[in-house]
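The values are calculated or read from the model by the stated rules, or taken from the named source; none is laboratory data. For clarity, every value in this text was computed on a predicted model and none was experimentally measured. Reconstructed Cβ throughout: ideal geometry from the backbone, glycine too, with neighbour counts over all protein chains shown.
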Amino acid sequence: DQQVNEAYQSEYDLENELIDDLVNQGYEYRRDIKSPKQLLANVRKQLQALNNTQFSDAEWQRFVGQYLDKAGDNRLDKTRKIHDDSIHDFVFDDGHIENIYLLDKQTVARNKLQVIKQFAQTGTQANRYDVTILVNGLPLVQVELKRRGVAIREAFHQVHRYSKESFNADNSLFKYLQLFVISNGTDSRYFANTVSRDKNSYDFTMNWALADNKPLKDLKDFTATFLQKETLLKVLLHYSVFDVSNTLLVMRPYQIAATERILWKINSAWTAKNWSKTESGGYIWHTTGSGKTLTSFKAARLATELDFIDKVFFVVDRKDLDYQTMKEYQRFSPDSVNGSDSTAGLKRNLDKDDNKIIVTTIQKLNNLIKNEKNLAVYRQQVVFIFDEAHRSQFGEAQKNLQKTFKKYYQFGFTGTPIFPQNALGAETTGSVFGRELHAYVITDAIRDEKVLKFKVDYNDVRPQFKHIETEQDEQKLSAAENKQAFLHPRRIHEITQYILNNFRIKTHRRQVGSKGFNAMFAVSSVDAAKAYYEMFQQLQSMVRIPHSVGADLRVCPDLKIATIFSFAANEAQDAVGAIPDESFELSAMNSSAKAFLSAAISDYNAAFKTNFGVDSKGFQNYYRDLAQRVKKQEVDLLIVVGMFLTGFDAPTLNTLFVDKNLRYHGLMQAFSRTNRIYD
C-alpha cells in the first residue's frame, strides 16, 4: 500500500508533507504571506527583531530604497549584499547611526527561518512558487516540487522558467535567492542561483549526502538533514562563495564534510592542548577533479576566523602551483590571501597583523626556517594546510617544520595517498599527516557524476615494436637499447600519423565549425618530446595526408602544437609511479634540450605574438601563458614529459595520448587531466 501511495502522491501532498516536516524542525509556517507587500512587511518585522530596533514608516521606506531594494539592483547586487555587504550603516531620523544586519553570520542560530507556499508574483508572466524558505524574512531558498513519478528535470526547468519570468522582476525580493532545491519525492537536489550561464546546467545540481558520501535522495531524508536549520544556515552563510567573476558557488556535501572535520580537529586539539603531533592533524583524500581547491580555501578561510589561531599557511610544493593557488584563492575572495615571490616576501607577510591566508611553497617556507631562527610565529598557534600530502612534503622541510614550530596543526589534501603498499620509503601519508579525516574517492565522484569516466583505447598500430611496448619489467623498459627503440623514427612517424588521423574524432571536431576539445600528449623523455614535435611539424607541412580510412584529404594540418618541459632533479621518489617534478630552473638542463626548448618557444612566440625565452623569468611566464591558452583552447595539442600532468585543470582537455610508462599515482594523476566536467 505504501508503495502505491508513494507512486501517486500528488505535488500538493508532497508540499504539505514538506511543510509539516519543516515545522517539526522549528521553522515557522506563515500561510498568510502570499504577495510581495506581505513579504516586505514580514522582512521589516524580522529585521527589527534581529537588530533589536524599530523603524518608523518613513525610516523603513528609506532603508528599503537606499539599501534593501535599491532601484536598479539586480540579483548580482543582492547576492553581493548577502556575501560581502550584509551590514548597512543606517542613519535614523534622529541622526543616530546603527549597523543593520541582514544576517547574523557569527551566531547562525539567531537567524529566523520561516516557510511559505504558493507565493504569487508577476514579471513578464504571472507565476506561483511552490515552497519558499525565508531567512530573516528574505527569500533565500526556493523549493520546486513535482509529484512522484515525474522526472526531476521538470522541476529544474521550471526554476529556470521562473528565473526568466518573475524571480527577477522590478522590486522583487526573490532576487535574493541563493539556493534552489528540486525534488520529485524520490530524488532531491540542490544548486546555486548563479548567473554564470555554464553553471545553469543540470550537471551542477547535487544530491545531499552524509559524511560517508551515501546520497540522501528521498525528500524526507533530505529535509531532515540538508534543511535542518543549522545545516541550511551554514550552507548559506559559511559554505557558499561568491567569486570575483560573479559566480555563486555552493559547496558539495563531501567538501563541507571535509572542511568540518578539519575545523573539528583544530578545535579539539586546541582544547586538549594536544598540538604539534600527528594526532592534531590528518589528511583529506579527495579524488583529483573533485574541487579540492575550493575545499582547502574554505577550510583555510574558516580556520583564520578561529579566535585562537594566529596564522594559516597554505603550502604547495611547486612554484607553478603557488601562482595557480594564489589566482584561484583570489578568485574566491580577493582580500583573503597573502602571497610572495621570495622568502623575504614571506617574512614580510608574517609581520602583517591580519588574518589572511599565507600561500607559500614548501621551499620558501624551508628557506625561512633555515635562515630565520627566532620568529614570533614559531611560538604562535599556526595551521598548515598542504596542497598535496606527498612528494616534497615528506623531506627535509617537513622535519624542519616539526622541529621549529611549537604549536601547529597540520593537514594534507591528496587525490593519491601513499599507503604502505605503494610507498618507496618509510613514510606514508598517514605517518606524516595523521589519520584520514575524510575520503571521497574516484568511484564516489563517478557515481555522483562530478567527474567523467575514463575511456581507454589501447592502440596496436606498430606490430614491429610490439615486443618492447608490451614489456612489463621496469628495468628492461628503462634499458638504453629499449629507450632508443622507443625513439625509432618509424615508430615516431606511425604514432604521430595516428594522432593526426584521429585527432578530430577523439576531440569531437568532426563537424565543420565544431570547437570540440583539445588534447595532451604525455611522452617518456625530452628526447621523445623533441622527436614527436619535429615529426608533427614535418607531417603538418605536407599538403595531403592519407586518412586512416583511405580518404585522400588533409587531416588536421593546422593544429597549434606546443611543448613544455624542464629539468627534473634525480631525486628518490616517495611512491611507486610518482611523476618526477620538473623545476622552473633551467640551468641544469643540457645544451641540446635547452636549444630545442628555445626553438619550440620561438615557434610559440611566432604563433601568438609573444616574447618568452628560456631564462628563469621568461620560462615561468611562458608556463603561465601556455596554461591559459590551453584552457582557452588556443593550443590544440600540448606535448609534455612531466609538467602539466599533475595539478593542472583545464576542462577543455578531453583526450590524453600516452607514450609513457604510467603507474599508480602517475597514472591516476595523468588520466585525471581529462575527466573534468566542462558544461
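Worth pointing out:
- Residue count for the range 142-197 under the criterion of being charged (D, E, K, R), within 25 Å of Leu113 (Cα to Cα) and not in a loop (DSSP other than H, G, I, E, B): the result is 3.
- Members of the range 379-403 found to be assigned to a helix (DSSP H, G or I) and surrounded by fewer than 18 Cβ atoms within 10 Å (Cβ to Cβ), listed by number: Arg379, Glu396, Lys399, Asn400, Gln402, Lys403
- Within the range 31-73, the residues that satisfy the criterion of being acidic (Asp, Glu) and not in a helix (DSSP H, G or I) are Asp32, Asp69, Asp73.
- Evaluated against (1) touching an Asp or Glu at 6+ places or on another chain (Cβ under 8 Å); (2) modelled with pLDDT of 95 or more; (3) farther than 17 Å from Asn52 by Cα, Tyr129 falls short on exactly one condition, (2).
- Subset of the range 72-96 (residues that are surrounded by fewer than 10 Cβ atoms within 10 Å (Cβ to Cβ) and modelled with pLDDT under 90): Gly72
- Tally, over the range 108-134, of residues that are among the hydroxyl-bearing types (Ser, Thr, Tyr) and closer than 11 Å to Ile33 by Cα: 1
- In summary, Asp221 fulfils each of the numbered conditions (1) in contact (Cβ under 8 Å) with a residue 40 or more places away in the chain; (2) closer than 23 Å to Asp444 by Cα; (3) in a helix (DSSP H, G or I) with the single exception of condition (1).
- Here Asn127 passes the criteria (1) in contact with a Phe, Trp or Tyr (Cβ under 7 Å, 6 or more places away or on another chain); (2) farther than 22 Å from Asn171 by Cα; (3) not charged (D, E, K, R) except the one numbered (2).
- Checking the stated criteria, Phe657 turns out to be in a strand (DSSP E or B) and of a type in the set (Phe, Trp, Tyr).
- Selection count, the range 68-114, where residues are within 24 Å of Thr223 (Cα to Cα), charged (D, E, K, R) and under 30 Å from the mean Cα position of the chain (by Cα): 2
- Single condition Asp558 does not satisfy, out of (1) assigned to a loop (DSSP other than H, G, I, E, B); (2) crowded, with 18+ Cβ neighbours inside 10 Å; (3) modelled with pLDDT of 55 or more: (2)
- Per-region count, the range 263-305, residues of a type outside the set (Val, Ile, Thr), under 29 Å from Asp649 (Cβ atoms) and either more than 20 Å from the chain's Cα centre (by Cα) or outside the structural domain of Leu401 (by TED's automatic domain parsing) (or both): 5
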